[in-house]
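Scroll down for the structure; my scribbles are underneath it.
Nothing in this text is a laboratory measurement; each read-out follows from the coordinates by a stated rule. Note that the structure is a prediction, hence the values are computed from the model and not measured. Counting neighbours? That spans all protein chains shown, and the Cβs are built from the backbone with ideal geometry, glycine included.
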Amino acid sequence: MKKLVVLFLFCVCASNIGFARQWDDFGANVTANNVRAFTKDLGGIIGAGTYTTGRILGWGGFQIGPRAGMLFKMSKGQGTTETERNHTALGDRHEVGSVVSPWLQADIGMPFRIDGFIRASSYQGLTIAGGGLRWGITRPSETTGAFQPMVVLAAHSASAQDFSATHYNASLVLSMKFKYFVPYVGGGVDYTTVTVGNGVTAADVRGEREYAATARATAGFNFKLPSYMDLSLAANYAHYGLGAEASLSLRF
């Protein structure tokens, strides 16, 4: 477990050193035309990966490991020309390309079919911390083909050089049990507030707050690997279009 955590932290630190701090570009690029689209995109990527197992851990269960969410391309903003619409709060959407947010997450199973989890990330100028609860609506079963409906609630706080954000999410998830893997689907709403800093270039958005609620759907698989390891791979769809999630964790 220690090796897994150290490897994750090493990768995050190395990526921060080797590449430009992508989120620092917000101050020079945010405008009244793109701040709302940015708020929705940010909510989608922060909310990704809150239910990678597809099922609750159960009383006494524990899980820890690195996870990541990715959007392939930021969504368009408003504007009268295609150039204006493609100018996102981080720069031209074609030049920005994909946006990745990795984090470390720890989950613990509690009584009454409840899991608690905490997560944290610091990557390319964006720091995120938060957590939440998962509740199994019905008692989990190890029988092949058994369904497990689950409710997930999460809250996060994020900060970067020129903005801060709060994020809340509520999701409903349905999974099916098989011997070596668990497929799952889920849907929910991300509610995000972005507060723009006073140092941004565009004077008309300095100190402003943008609120946005957007739906996000996820479909994925969780695989049981040897040595108590779990691998989860999923696709999601939100305001930004297609995205992806992945996790590799140690599970007891």
* Please identify, among Ala212, Ala146, Ala28, the residue showing maximal mean-square fluctuation in a Gaussian network model of the chain using a 10 angstrom Cα cutoff. => Ala146
* Relative counts (whole %) of C-alpha pair distances in the chain, using bins that are 10 Å wide -> 8, 31, 34, 18, 8, 1
* Structure fact -> Contact order relative to length for the range 2-251, counting C-alpha pairs under 8 Å separated by 6 or more residues, stands in percent at 23 percent
* Structure fact -> Rounded to the nearest whole number, the Stokes-Einstein translational diffusion coefficient of the range 131-209 at 25 °C and 0.890 mPa s (Kirkwood radius, C-alpha pairs) in µm²/s is 161 µm²/s
* Straight-line reach from Lys73: which aspartates and glutamates have Cα under 12 Å away, leaving out those fewer than 8 places along the same chain? -> Asp41, Asp92, Glu95
* **Among Asn86, Asn169, Asn236, residue whose mean-square fluctuation peaks in a GNM of the chain (springs only between Cα atoms under 10 Å)** => Asn86
* To do: Sort the range 16-142 into rounded, prolate or oblate with this rule: let a ≥ b ≥ c be the square roots of the eigenvalues of the Cα gyration tensor; rounded if a/c is under 1.5, and if a/c is not under 1.5, prolate when a/b is larger than b/c, oblate otherwise.
  => prolate
* On a 0 to 90 degree scale, rounded to 10, what angle separates helix 2-18 from the longest Cα axis of the chain? -> 10 degrees
* Could I have the simple spin-label model distance between Thr143 and Leu242, label points 7 Å from Cα toward Cβ, reported in nm to one decimal? => 3.7 nm
* So, in Å, what gap is there between the alpha-carbon centers of the range 144-206 and the range 50-68? -> 16 Å
* Lys177: which aspartates and glutamates have alpha carbons under 16 Å from its alpha carbon, excluding same-chain residues fewer than 8 sequence positions away? -> Glu142, Asp230
* Structure fact -> Within the set Thr201, Thr193, Thr88, GNM on the chain using Cα springs under 10 Å gives the largest fluctuation to Thr201
* Quick one: in the range 192-252, what % of C-alpha pairs are over 14 Å apart? -> 69 percent
